[in-house]
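Have a look at the structure below before the remarks.
The values are calculated or read from the model by the stated rules, or taken from the named source; none is laboratory data. Treat the numbers as computed from the prediction; the structure is a model and nothing was measured. Using ideal geometry, Cβ is built from the backbone for each residue, glycine included, and neighbour counts are taken over all protein chains shown.
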Amino acid sequence: MNYDLSYRIKALTFGLLSPEQIRKIGTIEITSPDTYDEEGSPIEGGVLDPRLGVIDPTQVCKTCGNRIDRCPGHFGRIELVRPVLHVGFVREIRDILNSTCANCNRILLPEDVLKEYLEKMNKYIKIHGEISQKIIREVITKASKVQKCPHCGKKAAKVKVEYVYRFYVEHPNKRRIWPQEIRERLEGIPDDDVLLLGFHPGRSRPENAVLTVILVPPLSIRPSVTLETGEKSEDDLTHKLADIVRVNRKLESLLGSGSPSVLVEETWDLLQYHVATLYDNTISGLPPATQHGKRPIKAIFDRWSGKDGRFRNNLIGKRVDFSSRTVITPDPMIDIGEVGVPVEIAKVLTLPEHVNEYNIEELKERVKNGPEYPGANYVIRPNGEKVKLTLLADRQAIADELDYNYVVERHLQDGDSVIFNRHPSLHRLSILKHRVKVLPYGTFRLNPAVCTPYNADFDGDEMNVHAPQSLQARIEGDELLAVEKNLVSPRIGGAIIGGSEDYITAAYLMTSEKTKLTKKDASRILVWGGIYKLPEPDEDGLWSGKKIFSMFLPKGIEFRGKASSCRGCEKCLEENCPYDAYVVVKDGKLIKGALDTNTIGVLVKAKTSLLDTIIRDKGEEAAADFISRYFKALSGYIRLRGTTMSLSDVELPPEALKEVEEVIEKGKKDVMELIERAKKGKLEAIPGMTKRETLERLIMDVLQKTRGKHEEIVKRYLNPDSDPYIMARTKARGSILNLTQMSASLGQQAIRGKRVTTGFKGRTLSCFVPGEDEVFSKGYVKNSYVKGLTPAEFLFHAMAGRDSLVDKGLRTAESGYTYRKLANALKDCMVDYDFTVRDSEDNIIQFKFGDDGIDPAKYFHGEYTNFRKIAEESVKKAGEEQPLNPEDIEDKISKAGLPITLAKHLIELKAGPKAVQSAINEGLRVKERCMVQPLHPVGIIAAESVAEPATQMTLRTFHTPGVAELNITLGLPRLIELFDARRKQKTPRMTVYLKPKIAKSKEEAEKIVRNMVEIKVGDLAKMVLTDYYEREITIILDKSRVKKADVKAEDIAKLLNKLGKVSVENGEIKVKLQKEGFIRQLRDLRRKILDTHVKGIKGIKKARVRFKDGEYIIETEGVNLQKVFEIDGVDTTKTTCNDIYEVRKVLGIEAARNLLIEEVLGVLEGQGLEVDRRHVSLIADIMCFTGEIRQVGRYGVLRDKKDILARAAFETTKKVILDASRQGVRTELKSPLDAVIVGKPPRIGTGGVNIYWYVGEIESGAG
């Protein structure tokens, strides 16, 4: 993109224009409501006055003399006969009138108090650069309560607003005050008082909120549209302006003719209505203005807000030229950095190429070809004239005319750089640079290995290609966005481009011990991958798949690791693994193991894969070359070998089916036993659950176990060498659970985590007997897909499928909004040159990104280099020396901030002090390369790293596995709860650890629990009676509960004394209402009585003892950290709490910040998602760095930001803009989003670097 430096906006100032300023800007006065004359031409002085600008390409502006492409439009004005209120400032005007004296116009506070507030305000402005809202609220709150003016002694007249904008004075008699009187009062307020009332005295005097002149927008803002009939349809604003002019003229006529005041006031009110609906047509309590009595008009404020508003639709999101969109299809035979572009698209998308001595002959041929590929569409002469070649019959002349100053817009050709993008762009890898490969047919071709960063598949997905026009954009694409330079995900620091699905299956089959290839097949596989040298065969004259794979590996690669097909043996035999599930690569040769997801897959969790190792040790270009070559070979091999699936692959033998049936019968029997126990009252309820809930929970546990047993049967009986089993075992696609459902049984269908309970009265489906309560009537599907489902089973399965579908729809909307909040809160955070993380206002968020300054994309789960190689070379270099103690080595490595892996290798090699120091020096040198670079936009990357996987999260609240009695909010709802920093959590809980002396005793733990759980009067009441006649409430206590709680009725009565007159009779407590009141007061009294605390710790609703890791712990529902810490026997160093506000109150902001990090990571890990801790720590720090916990929404982090345009683009656009105008805010446009909105490069990434060219020195020959 070319930036015109002469028109770069530095800052924006908001304010309220005075009538004089409006007259200077709107020089054209609009006096007529008419639009066109009889000949169809716009009328001068009308709302479509031709001097306001042009919207017809054939016309010339009468004001500036330019055509539509150069004329920005010009403002006009309407002089109002009577002033009217700006509807956006009605509340502020009311507050001012109630806070100031109607006589002297001063704030109704003593002079010394005002002076003190003014000093505070000026000090705040000097420090923060903005008006203090807290001081304004204090001044208005105090002044509005004053009854007598301290300056002139007059009684303060209070003002009320009725019907949106009608002001009335309450005292001495109710009368209406009109905008003219209001303006006169506001004009008399001194500047110092204006500042304390929330207005900027220089930029936005409050009287300017009472309009006497209206600014008329140019025609370019409200263009006419010509219909098919030839008639012109005018914009809503034009209609509304015409209404204002019409009513204004009528009011002028009434005033001039001396009409009755009632008629004048009615017309004045009508003028006020039209002006109000010009700005805002969605005011509560005001009927919306409509066009022709049908559709509500779209007013000015309405055009700013929402997805289709000016900010989000026109300023942040912009339409572009030189882009194309079509369906994508796979092509495994192109490189990962290429994109197949159809010829028809290549002929339309062009790149400007400057003619020079090296390309002039080629470009001449392109010009001659014109629209025929490979050709060109335009030639631009040195004077800027553009020649369209498609319209020229003789293109030879223009080809001969070409010279070095010409530019040819030629068709795309192989090797051109284009930007490829798929919506939604959830992270930065959703937009990458590819090289063009012009191909026939009509779809974009994409290598399947590059699907993961785009989250693309080939079921009809469409993608966009953008052809960057400037050299700068192409270079930035090559250096920053190239596929080859974005192989690693910044979210987890692992390869995101690599094998999946058929690639994984092919890699496993090819590198399996059993695979032997003939010379012909081996040669074909190598040639497909671009290798033309055949290695020596094995002793049997054949080539193993491992040997062929080794031909693609870069030399010097060392790797050891478990494959996905690992059986999880008690003791790992490593390279001696009998299942070929331990991969060993030495010096670029595959020695042992079959490849699968853990070695060449993408986003491998918590471990370094073979792909990661190649990227780390050989660089991304070598890795990209390996992926392109080897994956082409894999594509050829899978076609050669074939992979398929038949019913026989998922059919179990009769003996296996018998075992499946036995497991189902055993599960059914166990369930019926539970039901019988429940009917006989022998089933003990789990604490916090009813007996019915307990029964359902236990039944679900039994049925889940039957599914686990079915999986074991399937593993034993299905052929492990069948293609579907290989797919599941290697994690190429599907799982053992899918195979179990196909071959054994679908099992229990769950809706919202429970058995099917809804449907017909007393039964789930009409085919069951009412009241039947057994396994098959509540959603258990006995059959498998192979055997076929019964109609009832089919319906149960459809219910569960629909439940999942609804859940997905809800999740998409919730996660999308979470993404917007995170992105807006963190968009301006970047690494500065001192390696601190700062926002656009220069606040330090972190002293080092992620506390250590490491870039996750270079970290590879801590294995950011080959530590074994460093250890070996250090020991070899040091020579013979006395080995250090293992403890000393670990201590030195730990203090240096290096991974413990290096220490382990040094201990194995018996390294001495010189070797250890040498290894530390080398490790630190390598680590330096992993540091995040200045100007790196760590904020937006952190936001997308957390929000992108959030779309995969579930929306539900589940029970903790194995702990049925404690509800825990999990998944996306918990993540939203944390980022919104909600004070009231759905499931606050604590894990209380006990001191070693009593941690082994269950009795001691249960004793603490009995004294911990809060008991309220409502928990002890058997019955509560309300006597409305006597105004008395009677609590009948449950004797067994009272005895168990170890309290007496008299003790409870003492606690209730403060609520009313209390008496105790025969174990019954009576509380009589003493205050005046009836039903409402009695209900409030009843609520207070039942909520009265009797015993235990406030807030602890439930608690249970649990045995974990060799000791007893206490888990609670509800939190009160301070009181729990006071209990003798509680280990305060280990006890945890999931309520960030409780931790902030008791332990401080740093503890709350750490808890926030742990909770977010815990939620993600619980959903099987991995996000680097550094990203989460930045989000936690942006929420906590001020010392208080702030949510990432508009009431927290975003509210405190000074980038007005970015805040307006996010939410509450109208409020943000009006508040900024009232306060006279000046914004420096430092935020990246502000810069995008005004069209200048943001100061982040490459936009934060300026290059200076000293022309004078170069011309003089110096330098």
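Would you check which residues across the stretch 14-67 are among the hydrophobic types (A, V, I, L, M, F, W, C) and touching a residue at least 60 places away in the same chain (Cβ under 8 Å) and list them?
Step one: filter the stretch 14-67 for residues among the hydrophobic types (A, V, I, L, M, F, W, C), giving 14, 16-17, 22, 25, 28, 30, 43, 47-48, 52, 54-55, 60-61, 64.
Across the stretch 14-67, the qualifying residues are Phe14, Leu16, Leu17, Ile22, Ile25, Ile28, Ile30, Val47, Leu48, Leu52, Val54, Ile55.
For the condition touching a Cys at 6+ places or on another chain (Cβ under 8 Å) and surrounded by fewer than 15 Cβ atoms within 10 Å (Cβ to Cβ), Pro791 qualifies. Considering only the stretch 1008-1035, state which residues are part of a loop (DSSP other than H, G, I, E, B) and among the aliphatic types (A, V, I, L, M). Val1013 - this is the single residue of the stretch 1008-1035 that is part of a loop (DSSP other than H, G, I, E, B) and among the aliphatic types (A, V, I, L, M). Among the conditions (1) within 27 Å of the chain's Cα centre (by Cα); (2) closer than 30 Å to Gly593 by Cα, Tyr503 misses just one, which is (1). Just the residues that are surrounded by 14 or more Cβ atoms within 10 Å (Cβ to Cβ), modelled with pLDDT under 95 and aliphatic (A, V, I, L, M), please, taken from the stretch 301-333. Of everything in the stretch 301-333, those that are surrounded by 14 or more Cβ atoms within 10 Å (Cβ to Cβ), modelled with pLDDT under 95 and aliphatic (A, V, I, L, M) turn out to be Leu315, Ile316, Met333. Set side by side, the residues Thr987, Thr1026 differ, and just one is over 16 Å from Ala1103 (Cα atoms), surrounded by fewer than 19 Cβ atoms within 10 Å (Cβ to Cβ) and modelled with pLDDT under 85, which is Thr1026. For beta carbons closer than 7 Å, sequence separation of 6+ or different chains, a first residue in the stretch 183-207 that is at positive phi and a second that is basic (Lys, Arg) and part of a helix (DSSP H, G or I), the qualifying pairs are Gly198/Arg1222. When the stretch 646-693 is limited to residues that are in contact (Cβ under 8 Å) with a residue 24 or more places away in the chain and under 42 Å from the mean Cα position of the chain (by Cα), the one that is surrounded by the most Cβ atoms within 10 Å (Cβ to Cβ) turns out to be Val650.
Within the stretch 1122-1143, not a single residue is closer than 30 Å to Pro937 by Cβ, without any contact (Cβ under 8 Å) to a residue 60 or more places away in the chain and surrounded by 19 or more Cβ atoms within 10 Å (Cβ to Cβ). Among the residues of the stretch 382-398, what is the count of those that are under 17 Å from Pro352 (Cβ atoms) and either touching a Leu at 6+ places or on another chain (Cβ under 8 Å) or crowded, with 20+ Cβ neighbours inside 10 Å (or both)? Looking only at that region, the number is 2.
Taking the options Arg91, Arg67, name whichever one is in contact with a Pro (Cβ under 8 Å, 6 or more places away or on another chain), among the basic types (Lys, Arg) and surrounded by fewer than 16 Cβ atoms within 10 Å (Cβ to Cβ). Write out each step before concluding.
Details: Arg91 fails: in contact with a Pro (Cβ under 8 Å, 6 or more places away or on another chain).
None of the other options fit; the residue is Arg67.
Of the numbered criteria (1) surrounded by fewer than 19 Cβ atoms within 10 Å (Cβ to Cβ); (2) free of Cβ contacts under 8 Å to residues at least 60 places away in the same chain; (3) among the β-branched types (Val, Ile, Thr), the one Thr812 fails is (2). Checked against the criterion of being aromatic (Phe, Trp, Tyr) and in the same structural domain as Glu252 (by TED's automatic domain parsing), the stretch 24-40 has at least one qualifying residue.
You will find that of Ser784, Ser804, the residue that is farther than 30 Å from Val938 by Cβ, assigned to a loop (DSSP other than H, G, I, E, B) and either of a type outside the set (Val, Ile, Thr) or touching a helix residue (DSSP H, G or I) at 6+ places or on another chain (Cβ under 8 Å) (or both) is Ser784 and no other.
Rundown of residues vs (1) in the same structural domain as Asp723 (by TED's automatic domain parsing); (2) at pLDDT 90 or above; (3) charged (D, E, K, R), yes/no style:
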position: Lys520; (1), (2), (3): no, yes, yes
position: Val527; (1), (2), (3): no, yes, no
position: Met551; (1), (2), (3): no, yes, no
position: Ser565; (1), (2), (3): no, no, no
position: Cys569; (1), (2), (3): no, no, no
position: Ala581; (1), (2), (3): no, no, no
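Counting only strands (runs of 3 or more DSSP E) that sit completely within the stretch 1077-1148, those holding 3 or more residues that are of a type in the set (A, V, I, L, M, F, W, C), in contact with a strand residue (DSSP E or B) (Cβ under 9 Å, 6 or more places away or on another chain) and in the same structural domain as Ala1005 (by TED's automatic domain parsing) correspond to 1102-1108.
Can Lys1214 be described as within 24 Å of Lys318 (Cα to Cα), of a type outside the set (A, V, I, L, M, F, W, C) and modelled with pLDDT of 90 or more? Please lay out each step first, then the result.
Details: within 24 Å of Lys318 (Cα to Cα): yes; of a type outside the set (A, V, I, L, M, F, W, C): yes; modelled with pLDDT of 90 or more: yes.
Yes; evaluated as a whole, the condition is true for this residue.
Any residue in the stretch 998-1011 that is buried (at least 22 other Cβ atoms within 10 Å of the Cβ), at pLDDT below 85 and among the aliphatic types (A, V, I, L, M)? No: zero hits. Pairing each residue of the stretch 573-584 that is over 18 Å from Pro720 (Cβ atoms) with any residue that is aliphatic (A, V, I, L, M) and in a strand (DSSP E or B), provided the two are 6+ apart or on different chains, yields C-beta distances under 8 Å for Glu574/Val584; Glu575/Val584; Glu575/Ile591; Val583/Leu590; Val584/Leu590; Val584/Ile591.
Listed by position, the helices (runs of 4 or more DSSP H) enclosed by the stretch 257-367 that each have at least 2 residues that are closer than 30 Å to Ser417 by Cβ and not polar (S, T, N, Q) are 343-346.
Of the residues Gly541, Gly561, which is modelled with pLDDT under 90, over 16 Å from Leu634 (Cβ atoms) and surrounded by 17 or more Cβ atoms within 10 Å (Cβ to Cβ)? Full working, then the answer.
Details: Gly541 fails: surrounded by 17 or more Cβ atoms within 10 Å (Cβ to Cβ).
Answer to the selection: Gly561.
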